[in-house]
Each structure stands twice: as structure tokens, then as C-alpha cells.
Amino acid sequence: MPSTPIITSVFDLFKMGPGPSSSHTIGPMKAAFDFRQRLASLPADVQHQAEAIHIYLYGSLSATGKGHGTDRAVIAGLLGWQPETTDPVALMALLRDPALVYTVAVGAETIGLGPQHIHFERKRYESPYANTMVLQLRAGDELLHSEEYYSIGGGFILRKGEPETDPASVAVPYPYSTMTELKAQLTTHALTLDELMMANEMGITGRSRTEVNARIDQLLDFMHKAVRRGLRHTGVLPGSIKLSRKAPILFRKAKGMSHSSDSFLIFLNAYCLAASEENAAGGIVVTAPTSGASGVIPGLTYLAKKHFHYDRATLRAGLLAAAAVGFLVKHNASISGAEMGCMGEIGTASAMGAAFLTRCAQTSDDIGAIEAAAEIGIEHHLGMTCDPIGGYVQIPCIERNAMGAVKAYNAFLLATSGAASFQKISLDAVIKVMKATGRDMSTKYKETSEAGLALSATEC
Ligand code: SF4
């Protein structure tokens with residue numbers, strides 16, 4: 001039995017929500033929604049005194065929260081909006097008029113909320129996570145209620161003091177916490193990776209096989225809708241960079257090309273840029289594993305469907321293999337750019353994409369090749385910094401998704417062109433290296449826009 005088995009659901013790793021950042025948009029929205037729910041259950045005499053809600057953003061949430069729309073996301077959560085059902089157009093309209101006061105219900109009382117209640121704090125705050133937010137309910141200077149939340153990447157949040165789910169309370173039929181343990185479970189029980197992942201998902205969520213398959217199909221549909229929207233939409237992305245969308249141009253170019261190898265790559269680039277540009281515009285995307293990296297897997301799954309004509313069952317098996325890799329990174333390192341730099345986001349997405357392609361190409365499940373592909377995917381993103389210009393998830397993020405997908409494709413080719421035993425570095429080992437590298441990386445390069453490309457903003 002592993003020490004702390006993975007108990008994350010596929011549908012928590014891949015979730016729908018508005019862009020541009022799972023840690024700066026979806027996570028804060030969920031935290032603010034949770035705070036609203038907690039205010040609703042305060043004693044009536046406390047609710048009656050409430051005069052204001054103040055939100056304090058620290059670390060990367062403060063440094064790049066403006067560009068990522070964290071302020072709008074927090075207001076939306078306090079208004080009772082949830083990521084899966086948020087209208088992206090309405091979300092973008094929040095705070096457009098800084099004089100507008102939003103009303104938040106606190107029991108029978110209503111209190112006003114505006115931009116003056118959101119504080120982008122520059123001072124250092126002692127916290128175990130880079131993305132920290134503190135929400136307070138106040139009556140003048142008196143603190144009535146306070147909660148501290150951490151946005152830990154991919155839209156996952158933790159609340160200070162909240163006991164973690166006891167893994168023993170979750171019915172995981174085949175527990176594992178590393179690739180070594182996962183492979184041991186496959187061998188011991190003579191299972192394929194698809195079978196193990198499906199059994200665990202059913203155990204964790206209580207859903208039937210039919211329900212799990214239907215939800216995976218829904219995820220793929222949402223990913224592909226984002227790609228199709230992005231291939232149609234033209235114009236300039238929101239924000240001060242004034243970056244033009246490129247996906248429709250590449251798509252037209254690829255369709256007009258006769259040279260098949262070039263057109264294949266340009267199609268793949270177009271699909272990844274399309275989903276990433278939709279994310280940058282605040283559209284609804286699927287975290288894969290994050291919103292910043294939500295172009296890699298949608299681009300690859302769209303390619304797999306349109307160019308390789310894989311059927312639904314194959315795409316589902318591929319997505320489960322991708323999820324297994326995402327779980328391992330999230331559990332043993334982090335998928336947050338604020339913790340790991342971009343290797344945690346695009347590096348993980350690329351490794352997941354490589355596992356997806358490898359599983360799709362197999363007639364029977366070969367875990368050795370899947371592991372090798374994922375390992376190569378991470379290995380060649382180690383040390384990659386996160387330095388988005390102006391805090392917008394645009395430069396380098398959008399093209400980085402396309403590059404991550406191209407590397408995923410090459411990782412798949414490298415892993416399947418020789419015996420898996422050629423591979424000298426295990427997936428567990430490279431995830432450990434990622435964690436150590438992320439720890440050593442200067443904070444300047446972890447989603448703060450204080451160094452690297454972010455300093456080229458004036459030259460744009
Ligand atoms: S540079 Fe990478 S990690 Fe940073 S915001 Fe962009 S996609 Fe995310």
C-alpha cells in the first residue's frame with residue numbers, strides 16, 4: 001500500500017472553466033465561492049454586523065493577478081458564480097466600470113463590493129504556497145470572519161486548516177502514488193492501464209463506467225469546441241499587448257499547402273494556438289492540466305481525431321493515460337507555474353500529450369512505452385521559466401502550447417522507435433528532478449512577471 005495514494009478524479013484534473021489561468025482565475029473563483037458559502041452559515045447576529053468584504057492577494061496572485069483577471073474571478077465567486085457555468089462574456093464585463101458596486105448577500109444582509117475591496121499586496125506573506133489569498137468579512141476595523149486559501153495550480157484550492165481528505169476514506173481499488181507502484185499494480189492484477197484507471201475513477205467518484213465514459217466524451221467535445229472557436233475567431237486578444245490571433249491564419253495556410261510534413265505541423269500548431277487563444281480571450285476551456293497549458297492536449301486530441309481518425313474508445317484510453325501522468329506530477333511535484341515555472345504547466349501537458357499519443361497508437365496497452373514518452377516530454381522542459389509579459393497568458397504562453405505539443409509528438413516518436421528498455425531515466429526520477437528544480441528556481445521566474453521575457457514588455 002503506497003503512503004498517500006492518489007485520490008484525484010480525472011474530472012478534477014480536466015475541468016471546464018473560463019480562461020486565462022486555472023490558478024489565477026478558476027482557483028480564486030472557487031475560493032471566493034467557498035467563502036460566500038461560509039458567510040451564509042455564520043450566526044445571524046454576525047451577518048447583521050457585516051459591512052465589507054476585503055480580499056488580499058499575495059505572491060503570484062498579486063504580481064500577475066491583474067493580467068490574469070483574478071479580480072474579476074474573485075468578484076464572480078462572491079456573486080455565486082461557478083467556473084463550469086460562468087458566461088465568459090459576463091465575466092469579462094465585470095469591473096469594466098470601476099464605479100459599479102456589486103451586491104453580495106450575507107444571510108439577510110447585502111453589502112457592496114467594488115475594486116477598492118481587492119488588494120494586490122506586494123509585501124511578503126508567510127504562506128506554504130505561492131498563490132495565497134485571504135478573504136475577510138469586516139465591520140469597520142473589526143474582523144468578523146476570515147479564511148485563507150491557496151490556489152495550488154490547475155484550479156485546485158486548499159483552505160487553511162481544512163483537514164485533507166483521508167485517502168483511507170476513498171475507495172480506490174488499485175492505489176498507487178508513483179509510476180513504480182502503478183506498474184506493480186498492473187502486473188499484480190494483470191490489468192491494462194485503461195482498466196486500472198477506469199476502476200479507480202469509478203471507485204473515487206462512485207460513477208458507473210457508462211457515466212465516466214460519457215463525461216470523458218463531454219471533455220473531449222469541450223476541448224474540440226475551444227479549438228474550433230479559436231480557428232474561426234480573428235482580431236486582437238484582450239489586454240495591453242494587443243496581440244493578434246494567429247490560429248485562423250495558420251489553419252488557412254495549412255489547408256492550402258501541398259507539402260504534407262509541413263502542413264501536418266502547421267495544422268497541429270493551428271489547433272494548439274486556437275485553444276490557447278480562446279483561453280487568452282477568457283473563453284471556456286478545459287484545464288489540461290492547467291488553463292495556461294490548455295492548448296496542448298486539445299490540439300493533440302483534435303489532431304488524433306481529424307487526422308488519424310481514432311475512434312471514441314481509443315481517444316478515451318489515450319485521455320486516461322494522459323490523466324495518469326498528470327496525477328503523478330501533481331502528486332509528486334506540482335502543476336503550478338507559480339511553484340514550478342512553466343515546466344510544471346507546459347512540461348506536464350507535453351508529457352501527458354506524449355502519453356496520450358502513445359496509448360492511442362497502441363493496439364494493446366504497453367505501459368513501458370507510455371512511461372518513456374511521458375518521461376521524455378518532461379525531461380526536455382526541465383528548467384523552463386514562467387515569465388508572461390504583462391501578466392497576460394499570451395507571450396510566451398500561446399506559442400509555448402504549440403511547442404509543447406510538437407515536443408509531445410516527438411517524445412511519442414522517440415519512445416516508440418526503440419524498446420522501452422532503452423530508456424535510462426524513469427518517470428518517477430524525472431518528476432523528482434522537476435520538483436527539485438522548481439524549488440531551486442528563483443521566484444522571479446515563477447509567474448511573477450519580474451524577469452525574463454516579461455521584462456521585454458517595453459519592446460513589444
Ligand atoms: S509561461 Fe507557461 S506557466 Fe507561465 S503563464 Fe504562460 S503557460 Fe502558464
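The values are calculated or read from the model by the stated rules, or taken from the named source; none is laboratory data. This is a predicted model, so every value here is computed, not measured. With ideal geometry, Cβ positions are generated from the backbone for all residues, glycine too; neighbour counts draw on all protein chains shown. Side chains included, ligands, DNA and RNA excluded: accessible areas come from the protein's heavy atoms. Shrake-Rupley method; radii C 1.70, N 1.55, O 1.52, S 1.80 Å.
In region 398-451, of all residues being more than 22 Å from the chain's Cα centre (by Cα) and β-branched (Val, Ile, Thr), the one that is modelled with the highest pLDDT corresponds to Ile425. Given Ala338, Ala354, Ala322, which one is modelled with pLDDT under 95 and open to solvent by less than 10 Å² (accessible area, probe 1.4 Å)? Selected residue: Ala338, the only one of Ala338, Ala354, Ala322 that is modelled with pLDDT under 95 and open to solvent by less than 10 Å² (accessible area, probe 1.4 Å). Restricting the first residue to region 323-346 and requiring it to be assigned by TED's automatic domain parsing to the domain that holds Glu379, which pairs with a second residue that is within 15 Å of the ligand (Cβ to nearest atom) and of a type in the set (D, E, K, R) meet a Cβ separation below 6 Å and a spacing of at least six or different chains? Cβ pairs passing all conditions: Gly337/Glu345; Gly337/Glu447; Ala338/Lys446; Ala338/Glu447; Gly341/Lys446; Ile346/Arg400. Selection of helices (runs of 4 or more DSSP H) fully inside region 272-373 by the criterion of at least 3 residues being within 29 Å of Leu191 (Cα to Cα) returns 296-306, 312-332, 346-361. Residues that are in a strand (DSSP E or B) and among the hydrophobic types (A, V, I, L, M, F, W, C) occur at least once in region 87-104. Tell me, yes or no, whether region 36-53 has at least one residue that is modelled with pLDDT of 95 or more, in the same structural domain as Thr103 (by TED's automatic domain parsing), within 28 Å of Gly390 (Cβ to Cβ) and open to solvent by 20 Å² or more (accessible area, probe 1.4 Å). No - not one qualifying residue is present in region 36-53. Among what's in region 374-388 and is open to solvent by 10 Å² or more (accessible area, probe 1.4 Å) and in a helix (DSSP H, G or I), pick the residue that is farthest from the ligand (Cβ to nearest atom). Step by step, filter region 374-388, then rank; the result is Ile376.
Tell me, which residue of region 389-408 that is of a type in the set (Val, Ile, Thr) and open to solvent by 40 Å² or more (accessible area, probe 1.4 Å) is farthest from the ligand (Cβ to nearest atom)? In this case the residue turns out to be Val406.
Of the set (1) within 13 Å of the ligand (Cβ to nearest atom); (2) farther than 30 Å from Lys246 by Cα, all apply to Gly337 but (2).
The residues in region 250-271 that are open to solvent by less than 60 Å² (accessible area, probe 1.4 Å) and part of a helix (DSSP H, G or I) can be counted, and the count is 11. Selection of region 201-244 for residues being touching a strand residue (DSSP E or B) at 6+ places or on another chain (Cβ under 9 Å), open to solvent by 50 Å² or more (accessible area, probe 1.4 Å) and outside any helix (DSSP H, G or I) yields Thr234, Val236, Lys242, Ser244.
The listed residues are Lys407, Lys424, and the only one of them that is among the basic types (Lys, Arg) and under 27 Å from Ala184 (Cα atoms) turns out to be Lys424.
If you check Thr448 against the conditions, is it among the hydroxyl-bearing types (Ser, Thr, Tyr), within 14 Å of the ligand (Cβ to nearest atom), assigned by TED's automatic domain parsing to the domain that holds Gly292 and surrounded by fewer than 16 Cβ atoms within 10 Å (Cβ to Cβ)? No, not satisfied.
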